[in-house]
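The values are calculated or read from the model by the stated rules, or taken from the named source; none is laboratory data. Please read these numbers as outputs of a predicted model, since none were measured by experiment. Note that we place each Cβ from the backbone using ideal geometry, even for glycine, and neighbour counts take in every protein chain shown.
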Amino acid sequence: MSYENEIGVSKRARRAYAFDDIAVVPSRRTRDPEDVSVSWSIDAYQFGIPFLAAPMDSVVSPSTAIMMGQLGGLGVLDLEGLWTRYENPEPYLAEIAQLSAAQATARMQEIYSEPIKPELVTARLAEIRAAGVTVAGALSPQRTQELYETVVAAGVDLFVIRGTTVSAEHVSKNQEPLNLKKFIYELDVPVIVGGASTYTAALHLMRTGAAGVLVGFGGGAASTTRATLGIHAPMATAVADVAGARRDYMDESGGRYVHVIADGGLGTSGDIVKAIACGADAVMLGSALARSTDAPGHGYHWGAEAHHSKLPRGNRVPVEQIGTLEEVLYGPATSADGTANLVGALRRSMATTGYSDLKEFQRIDVVVAPYRVS
């Protein structure tokens, strides 16, 4: 049953919920947190934790991608970021962290105007592969056709196509759009694609053969998409809608399972818990990991939208550095705000509510309980 509100005589709107609007509810049993499994697998790749580090220059460098892999997760390198534009991007990352708010957007547009160099794409992915962890790189739909052969030849394990909104049916009068279904069919590696924030959009992406769908709309902590474009998709409803598309696609396809990965609005461990409760198999983290002292953003966080050459839809935002990447993931936490020991918090929530693994936890009862910190 879907409830609608009347905006006016000619327009009705569906009620949607953000993670802050809902909460999970304990069941009749509890468990020991050590008995809970938070492992996740996609295609042939196994991970100890269901966390992907978002392909953003403030979050993932080759070294943090390696570190993320060694800690049980997956680091996804932005193959259109500074690491594939400059032989040594460290001075530019340090400069971005020193810019005033008034200078940041214009200077970042200048820095990111440097062309992408295919040889650096190859070198960065080779660096990650040499460390023995799963290799994942991300391109936007606009750059995929141009660079995917370089990416695949470099030995990527998981290919991510990530944009503010990615559809299986892009229409353009000016250029030949990426045919996702043909592209994925001909590729030798699993593809994760998104963002999608509705049932219909996600179902169409699943039909392309994608191994996973990112749920989001470019609306994270550093985004101004709502203010700039008027687009917003509250994440609890978006994840639940896409999980519904996964269920129906399984029936349609005779049992093919597509992973749902929440991507946005995940600032605290409680948000991660609620994303999985709404049906996500894993989460892609940006600002939550940008808080680590190992992150390349030096205490700042930004996405590709922040330096768009014509219409920026994001900002460089300060984030408090709270500890190493290992401490952010595994603790110990030194504050009670849900920003550190993200894995421990997920384990404890699952144990407290009586669930032993992620698939079970997706079935937990959820209540609408809007909460605002006073």
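Does residue 23 count as aliphatic (A, V, I, L, M) and over 18 Å from the mean Cα position of the chain (by Cα)?
yes
Identify the residue in the stretch 35-68 that is surrounded by 21 or more Cβ atoms within 10 Å (Cβ to Cβ) and among the small types (Gly, Ala, Ser) and, among all such residues, is nearest to residue 298 (Cα to Cα).
Restricting to residues being surrounded by 21 or more Cβ atoms within 10 Å (Cβ to Cβ) and among the small types (Gly, Ala, Ser), the top hit is 58.
Take the residues of the stretch 211-221 that are at pLDDT 95 or above and aliphatic (A, V, I, L, M): which is farthest from residue 271 (Cα to Cα)?
Ranking the qualifying residues of the stretch 211-221, first place goes to 211.
Going by the structure shown, is residue 360 without any contact (Cβ under 8 Å) to a residue 12 or more places away in the chain and part of a helix (DSSP H, G or I)?
Yes.
In the stretch 273-314, which residues are within 16 Å of residue 140 (Cα to Cα) and either in contact with a Pro (Cβ under 7 Å, 6 or more places away or on another chain) or of a type in the set (Gly, Ala, Ser) (or both)?
Selection gives 303, 304, 305, 306, 309.
Being under 10 Å from residue 235 (Cα atoms) and of a type in the set (A, V, I, L, M) is the filter; apply it to the stretch 252-272 and report the residue that is surrounded by the fewest Cβ atoms within 10 Å (Cβ to Cβ).
266
Could you grab me the full set of residues in the stretch 222-251 that are β-branched (Val, Ile, Thr), modelled with pLDDT under 95 and part of a helix (DSSP H, G or I)?
225, 228 - these are the residues of the stretch 222-251 that are β-branched (Val, Ile, Thr), modelled with pLDDT under 95 and part of a helix (DSSP H, G or I).
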